[in-house]
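For reference, the structure is listed below as structure tokens.
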Amino acid sequence: MPRPALRSRSLKRIPKKIPGGASVVHYARKEPSKPICASCKKPLHGVPRGRKAKIKKLPKTKKRPSRPYGGNLCSKCLRSRIKEEKIYRARI
């Protein structure tokens, strides 16, 4: 039986074969899901994928793109939103 710290379901179980031929289980932290665009649900580029503690240690410039809505919208959706805004403002 694994020690209590390894019984948590927040750890991923990775079965491994060791040189002697025996099968053992290694435990690793699960990789969080990729950040996704708020409108089209595609994975965002330029946004790191990691646990909160790991991302907290990164500098602000590495956490998200420096454009408006960086880390929330992909560049394609941002372009379309800016175009919509321009059309809306032109009508008023």
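Among the residues in the range 3-21, are any outside any helix (DSSP H, G or I), hydroxyl-bearing (Ser, Thr, Tyr) and outside the structural domain of ARG81 (by TED's automatic domain parsing)? Don't jump to the end; show me each part of the working.
Step one: filter the range 3-21 for residues outside any helix (DSSP H, G or I), giving 3, 7-21.
Going one step further and asking which of them are hydroxyl-bearing (Ser, Thr, Tyr), we end up with 8, 10.
Among the residues that remain, those that are also outside the structural domain of ARG81 (by TED's automatic domain parsing) are: 8, 10.
Yes, some residue in the range 3-21 is outside any helix (DSSP H, G or I), hydroxyl-bearing (Ser, Thr, Tyr) and outside the structural domain of ARG81 (by TED's automatic domain parsing).
The number of residues in the range 54-92 that are assigned to a helix (DSSP H, G or I) and either under 15 Å from LEU44 (Cα atoms) or of a type in the set (Val, Ile, Thr) (or both) comes to 11. From the set of residues in the range 1-37 that are closer than 30 Å to GLY71 by Cα and touching a residue at least 24 places away in the same chain (Cβ under 8 Å), which is surrounded by the most Cβ atoms within 10 Å (Cβ to Cβ)? Once the filter is applied, the top-ranked residue is CYS37. Of everything in the range 59-68 that is of a type in the set (D, E, K, R) and under 14 Å from the mean Cα position of the chain (by Cα), the residue that is surrounded by the fewest Cβ atoms within 10 Å (Cβ to Cβ) is LYS62.
Of everything listed in (1) modelled with pLDDT of 90 or more; (2) surrounded by 12 or more Cβ atoms within 10 Å (Cβ to Cβ), the single unmet condition for ARG79 is (2). Among the residues making up the range 22-53, those that are within 26 Å of ALA5 (Cα to Cα) and in a loop (DSSP other than H, G, I, E, B) are ALA22, LYS30, GLU31, PRO32, SER33, ARG49, GLY50, ARG51.
Is it true that some residue in the range 40-58 is surrounded by fewer than 12 Cβ atoms within 10 Å (Cβ to Cβ), modelled with pLDDT of 90 or more and β-branched (Val, Ile, Thr)? The answer is no, given that none of the residues of the range 40-58 is surrounded by fewer than 12 Cβ atoms within 10 Å (Cβ to Cβ), modelled with pLDDT of 90 or more and β-branched (Val, Ile, Thr).
The values are calculated or read from the model by the stated rules, or taken from the named source; none is laboratory data. Computed from a prediction, not measured in an experiment: that's the story for all the values here. Reconstructed Cβ throughout: ideal geometry from the backbone, glycine too, with neighbour counts over all protein chains shown.
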